[in-house]
Amino acid sequence: DYVVCTHAHEDHGGGMAAVMANFSAGEVLSPVKKRDTRFFNNFVKYTEAQGLEITVPSPGDGFALGGGIVTVLGPTAQYDETNNTSIVLRLDYGSTSFLFTGDMERDAEQDLIDYGAELRADVLKVGHHGSSTSTSYVFLREVMPEYAVISCGKDNSYGHPHEETLSRLRDEGAELYRTDMQG
């Protein structure tokens, strides 16, 4: 029903052209409609081949997904740093809430807090693969997750997740799950 390219970096949108070439979509969301890269141009091409146009959502936009409600929380400002343009989504399903942050970094985290977004969530998809540039103490104190999920490749060249981020998550008491260790 919905395809979300959180932001225009290849590790978040590189497979989107194949998805759009092989599966029907109802709506396609991205923080930008154009980006001068091969992967993004292919993503746009296959989106348009379905007769769809990319929608750039705004904070407060939302939609029903199965029995859940998805709300767009960010980005709340314009950024030069592509990671900070990440679409931030909150999914509420019954009494359980999930927060998906893309690669949002500290500046965008603070702007989201200042904007007054409802950040408290049971499950946090940790920002930027567990990089030290994301998931600040201030942000974690707003989210207060019971569970934290880090999406990162095993033995990745970036060293994700960084020890500083793991330490912050331990201090917050979140139960941690990692794709590099648990698939």
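The values are calculated or read from the model by the stated rules, or taken from the named source; none is laboratory data. No experiment lies behind these values; they were computed from the predicted model shown. Note that we place each Cβ from the backbone using ideal geometry, even for glycine, and neighbour counts take in every protein chain shown. Each accessible area value is taken on the protein alone, full model and side chains, heavy atoms only, with ligands, DNA and RNA left out. Shrake-Rupley method; radii C 1.70, N 1.55, O 1.52, S 1.80 Å.
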Just wondering, is there one or more residues in the stretch 144-154 that are modelled with pLDDT under 95 and on the phi > 0 side of the Ramachandran plot?
no
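The rows are residues; the columns are (1) within 22 Å of Arg90 (Cβ to Cβ); (2) β-branched (Val, Ile, Thr); (3) out of contact with any Gly (no Cβ under 7 Å at 6 or more places or on another chain).
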| residue | (1), (2), (3) |
| --- | --- |
| Ile113 | yes, yes, yes |
| Glu118 | yes, no, yes |
| Val126 | yes, yes, yes |
| Ser132 | no, no, yes |
| Met144 | yes, no, yes |
| His160 | no, no, no |
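Which one of these is closer than 26 Å to Val32 by Cα, surrounded by fewer than 22 Cβ atoms within 10 Å (Cβ to Cβ) and among the aromatic types (Phe, Trp, Tyr): Tyr147, Tyr177, Tyr158?
Working: Tyr147 fails: closer than 26 Å to Val32 by Cα; Tyr177 fails: closer than 26 Å to Val32 by Cα.
Just one listed residue meets the conditions, Tyr158.
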Among residues of the stretch 1-54 being among the acidic types (Asp, Glu) and part of a loop (DSSP other than H, G, I, E, B), the residue nearest to Thr101 (Cα to Cα) is Asp1
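Mind checking which residues of the stretch 20-33 are more than 21 Å from Ala108 (Cα to Cα) and touching a helix residue (DSSP H, G or I) at 6+ places or on another chain (Cβ under 8 Å)? Can you show your working first?
The initial filter retains those residues of the stretch 20-33 that are more than 21 Å from Ala108 (Cα to Cα), namely 20-28.
Correct list: Met20, Ala21, Ala25, Val28.
Tell me whether the stretch 105-122 contains one or more residues that are within 10 Å of the chain's Cα centre (by Cα), open to solvent by less than 60 Å² (accessible area, probe 1.4 Å), of a type outside the set (Lys, Arg) and under 23 Å from Cys152 (Cβ atoms).
We begin by selecting, within the stretch 105-122, every residue within 10 Å of the chain's Cα centre (by Cα); these are none.
For the stretch 105-122, residues within 10 Å of the chain's Cα centre (by Cα), open to solvent by less than 60 Å² (accessible area, probe 1.4 Å), of a type outside the set (Lys, Arg) and under 23 Å from Cys152 (Cβ atoms): absent.
Being within 28 Å of Val123 (Cα to Cα) and loosely packed, with under 14 Cβ neighbours inside 10 Å is true for just one of Gly102, Gly68, Gly62, Gly94. Which residue is that? Step through it out loud before you land on a result.
Working: Gly102 fails: loosely packed, with under 14 Cβ neighbours inside 10 Å; Gly68 fails: loosely packed, with under 14 Cβ neighbours inside 10 Å; Gly62 fails: loosely packed, with under 14 Cβ neighbours inside 10 Å.
Going through Gly102, Gly68, Gly62, Gly94 in turn, the sole match is Gly94.
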